[in-house]
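Trainee: One structure follows; several queries about it will come next.
The values are calculated or read from the model by the stated rules, or taken from the named source; none is laboratory data. As the structure is a computational prediction, the values presented were derived from the model and not from experiment. Cβ placement follows ideal geometry from the backbone for every residue including glycine, while neighbour counts extend to all protein chains displayed.
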Amino acid sequence: MAEYPSTAKARTEAFVNDYVRSVYNWMCIGLALTGFVSYYVSNSQAVLNLVFGNRMVFFGLIIAELALVFSISGMVNRMSAATATGLFVLYAGLNGVTISIIFVAYTRASIVSTFFICAGTFLACSIYGWTTKRDLTSWGGFLMMGLIGIIIASLVNMFIQSSAVAMVVSYIGVLVFVGLTAYDTQKIKNMALTQPADAGAGVIRKGAILGALALYLDFINLFLMLLHIFGGSRE
């Protein structure tokens, strides 16, 4: 028996809402885990010494994080939903370890205030990406070029140690990740709209994890860029 258009539309809207809610739920779980691990590590001098006192350990963790991101992004369709979820949670935990240094470098008051600034900015950009009628697909290439430029400039600045270069990179980074937040939000919306309503739970979970990872990366990087600009140093 054929469905009434209104019934089909209601089911589609319900599916999209559930899908997007799952994306944001997993993003928030990832952020909460990162925050918890980061705060815990910052209060353990032994762990801080192990991670930041040994370059092999620190860069090993960075390489492991990159491997996890590329694994989830590139092979999510070939892994189970449980594996994708586990890798995302593992990545969020490892990231908490590597960014725990912010609690040593910046005052806690500035970290909290910057977090709320970041959250408000992220929310505004996400709402724009969700509601705009403009196709943001064309932003993708430009934003990726900006992201590559930030990575190269950051690597170069590791050797020249220029505070001016670091600040310029931070301002450009804010613009790039603001754009990526809107871009990724619209991309997730389109994924939800094109996802078959009868897709299996595993397929939906993997799509949600992939979307959560994208938004998680946007939020974390935007936060770190803003913290470098607005954060109050402990020194």
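Trainee: Tally up the residues in the stretch 44-55 that are within 25 Å of the chain's Cα centre (by Cα) and either over 21 Å from residue 151 (Cβ atoms) or touching a residue at least 40 places away in the same chain (Cβ under 8 Å) (or both), please.
Mentor: Of the stretch 44-55, the ones within 25 Å of the chain's Cα centre (by Cα) are 47-48, 51-52, 55.
When the remaining residues are screened for being either over 21 Å from residue 151 (Cβ atoms) or touching a residue at least 40 places away in the same chain (Cβ under 8 Å) (or both), the result is 47-48, 51-52.
Summing the residues that are within 25 Å of the chain's Cα centre (by Cα) and either over 21 Å from residue 151 (Cβ atoms) or touching a residue at least 40 places away in the same chain (Cβ under 8 Å) (or both) in the stretch 44-55 gives 4.
Trainee: Please return the ranges of helices (runs of 4 or more DSSP H) entirely within the stretch 28-135 where 3 or more residues are within 27 Å of residue 231 (Cα to Cα) and aromatic (Phe, Trp, Tyr).
Mentor: 108-131
Trainee: Give the residues of the stretch 102-112 that are touching a Lys or Arg at 6+ places or on another chain (Cβ under 8 Å), surrounded by fewer than 17 Cβ atoms within 10 Å (Cβ to Cβ) and farther than 13 Å from residue 52 by Cα, sorted by residue number.
Mentor: Within the stretch 102-112, just 107 meets the criteria.
Trainee: Right, next: Please determine whether any residue of the stretch 199-216 is more than 23 Å from residue 33 (Cβ to Cβ) and part of a helix (DSSP H, G or I).
Mentor: Within the stretch 199-216, the first condition is being more than 23 Å from residue 33 (Cβ to Cβ), and the residues that meet it are 199-200, 203.
Checking which are part of a helix (DSSP H, G or I) leaves us with 203.
Taking every residue of the stretch 199-216 in turn, at least one turns out to be more than 23 Å from residue 33 (Cβ to Cβ) and part of a helix (DSSP H, G or I).
Trainee: Working carefully through the options 172, 148, 99, find the one that is surrounded by 17 or more Cβ atoms within 10 Å (Cβ to Cβ) and either in contact with a Ser or Thr (Cβ under 7 Å, 6 or more places away or on another chain) or farther than 17 Å from residue 211 by Cα (or both). Talk me through it step by step, then tell me what you get.
Mentor: Details: 172 fails: surrounded by 17 or more Cβ atoms within 10 Å (Cβ to Cβ); 148 fails: surrounded by 17 or more Cβ atoms within 10 Å (Cβ to Cβ).
The conditions single out 99.
Trainee: Of all residues in the stretch 70-93, how many are surrounded by 18 or more Cβ atoms within 10 Å (Cβ to Cβ) and among the hydrophobic types (A, V, I, L, M, F, W, C)? Lay out the reasoning, then the answer.
Mentor: Restricting attention to the stretch 70-93, the residues satisfying the condition of being surrounded by 18 or more Cβ atoms within 10 Å (Cβ to Cβ) are 72, 76, 81, 84-85, 87-88, 91-92.
Applying the additional criterion that residues be among the hydrophobic types (A, V, I, L, M, F, W, C) yields 72, 76, 81, 84, 87-88, 92.
Summing the residues that are surrounded by 18 or more Cβ atoms within 10 Å (Cβ to Cβ) and among the hydrophobic types (A, V, I, L, M, F, W, C) in the stretch 70-93 gives 7.
Trainee: Evaluate the stretch 214-231: report whether one residue or more is farther than 13 Å from residue 121 by Cβ, surrounded by fewer than 22 Cβ atoms within 10 Å (Cβ to Cβ) and touching a strand residue (DSSP E or B) at 6+ places or on another chain (Cβ under 7 Å).
Mentor: yes
Trainee: Going by the conditions given, is residue 52 aromatic (Phe, Trp, Tyr) and modelled with pLDDT of 95 or more?
Mentor: no
Trainee: Now for a separate question. Identify the single condition in (1) closer than 15 Å to residue 30 by Cα; (2) touching a helix residue (DSSP H, G or I) at 6+ places or on another chain (Cβ under 7 Å) that residue 217 does not satisfy, given that it satisfies every other one.
Mentor: The single condition residue 217 does not satisfy is (2).
Trainee: Take the conditions at pLDDT below 90 and in a helix (DSSP H, G or I) and apply them to residue 15. Does it pass? Give the derivation first.
Mentor: On the way: at pLDDT below 90: yes; in a helix (DSSP H, G or I): yes.
Against the criterion (at pLDDT below 90 and in a helix (DSSP H, G or I)), residue 15 qualifies.
Trainee: Can you name every residue in the stretch 32-63 that is farther than 12 Å from residue 99 by Cα and surrounded by 18 or more Cβ atoms within 10 Å (Cβ to Cβ)?
Mentor: Across the stretch 32-63, the qualifying residue is only 33.
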